[in-house]
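The values are calculated or read from the model by the stated rules, or taken from the named source; none is laboratory data. Treat the numbers as computed from the prediction; the structure is a model and nothing was measured. Because the Cβ atoms are built from the backbone with ideal geometry, glycine has one as well, and the counts that use them run over all protein chains shown. Surface accessibility is based on the protein's heavy atoms, side chains included, excluding ligands, DNA and RNA. Shrake-Rupley method; radii C 1.70, N 1.55, O 1.52, S 1.80 Å.
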Amino acid sequence: MSAAFLDILLLIGIFSLIALGLDFIVGYSKIFSVNQGLIFAIGAFSYVFTSQMLGIREVWLAWLIGAGISCLVSAIIGFASLRVRGDAFVVVSFGAQIIGMQVLYNATPLSGGQSGIFGLPGLTIFGWSPTSQLDYLLLIAAVAVVAYAVTALLVRSPWGRLLRATGQDEVAVAAAGSDPRRLKVVAFMLGGAYAAI
């Protein structure tokens, strides 16, 4: 396989994880959110933080830190933006995206500013270090398969049925005794965790 084709497959694997997370938000809970790029950036910079500032190269730790920070940011954005509906929600979501990206862009020690970050150490996962594009493709494929399996389990769970019901009729879910807003915030947090990873 050519290097260009492997690059395309790598991008497909990465963006499939982002799409899986966005599916919780847009697909099941029917919230039109446009700030997934910010959450993706937080996940990317979590590896910069763990490798350069903490000196840790284990990527699973970067995933945990990135997913934790992304869940927190997603919860804050969710609580703030779910107070409004329709077009106003999209504006609040987009505003959070713009502000968050500017904060990351201007955090020069973390993002490198205009020049970006170069010379990051290679990652390791449980002692194994991918060295070629094919190794990275295998890693991303394994993570994507696990993510798809977790998604299938969550969607078929009682919580997943409630989330889908919230996307269809919030009033009925509230009348049944569940909190639709809390379900949507958890969907935001899950979407954030997937994008960060």
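For the chain, state the average projected area of the convex hull of the C-alpha atoms over all orientations, rounded to one decimal in nm².
Over all viewing directions, the chain projects a mean Cα-hull area of 12.1 nm².
Along the charge dipole of the chain, pointing to its positive end and built from +1/-1 on Cβ of Lys, Arg, Asp and Glu, which listed residue (P109, L162, A142) has its Cα farthest out? Sorting the options by dipole projection puts first L162. Across region 121-131, computed HN-Hα scalar couplings (Karplus, 6.51 cos²θ - 1.76 cosθ + 1.60, θ = phi - 60°) run x, x, 7, 10, 9, 6, x, 9, 10, x, 10 Hz from first to last residue, x flagging Gly and Pro. In this structure M189 has an accessible area near 60 Å², from a 1.4 Å probe over the protein heavy atoms.
Against the chain, whose longest principal axis comes from its Cα atoms, helix 158-168 is set at around 70 degrees. Please list, in order, the residues from region 81-115 whose amide nitrogen is less than 19 Å from a point placed 7 Å along the Cα→Cβ vector of V171. Counting only backbone N, you get 84-86. This model, with +1 at the C-beta of Lys and Arg and -1 at the C-beta of Asp and Glu, gives region 1-122 a dipole about its Cα centre of some 260 debye. Here the label points at L154 and E58, each 7 Å from Cα along the C-beta direction, are separated by 2.3 nm in the simple model. Give me the base-10 log of I(q)/I(0) for region 39-89 at each q in 0.18 Å⁻¹, Debye formula, one uniform scatterer per Cα, rounded to two decimals. Once normalised to I(0) and log-transformed, intensities are -0.59.
With both labels modelled 7 Å from their Cα along Cα-to-Cβ, the Q102 to A142 distance reads 4.2 nm. So if I take the centroid of the Cα atoms in region 1-55 and the same for region 83-98, what is the distance between those two points in Å? Spelled out, the Cα-based centre of one part sits 21 Å from the other.
Divide by every residue of the chain the summed helix terms, -39500 (n - 2.57) for each DSSP H run of at least 4, and state the resulting mean residue ellipticity at 222 nm, rounded to the nearest 500 deg cm²/dmol. Intermediate results must be reported in sequence, preceding the final value.
Numbers: 9 runs with 138 residues, N = 197.
It comes out at -23000 deg cm²/dmol, rounded to the nearest 500.
The C-alpha atoms of the chain define a longest principal axis, and helix 180-196 lies at about 10 degrees to it. Among the chymotrypsin sites (Phe, Trp or Tyr not before Pro) in region 82-182, those located in a DSSP loop and surrounded by at most 10 other Cβ atoms within 10 Å of their own Cβ are F118, F126.
Using a 1.4 Å probe and counting only protein heavy atoms, arrange R164, R182 so the residue with the most accessible area comes first. Could you put the intermediate results ahead of the total?
Numbers: R164 90, R182 145 Å².
So the residues, ranked largest to smallest area, are R182, R164.
Under a Gaussian network description of the chain, with springs only between Cα atoms under 10 Å, the residue in V150, V173, V91 that fluctuates furthest is V150.
In order along region 17-26, phi translates into HN-Hα couplings of 5, 5, 5, 4, x, 5, 5, 4, 7, 8 Hz, rounded to whole numbers, per the Karplus curve 6.51 cos²θ - 1.76 cosθ + 1.60 with θ = phi - 60° and x for Gly and Pro. Per-residue 3J(HN,Hα) values for region 61-70, derived from phi via the Karplus relation 6.51 cos²θ - 1.76 cosθ + 1.60 with θ = phi - 60°, read 5, 4, 4, 5, 5, x, 5, x, 5, 5 Hz in sequence order (x marks Gly and Pro).
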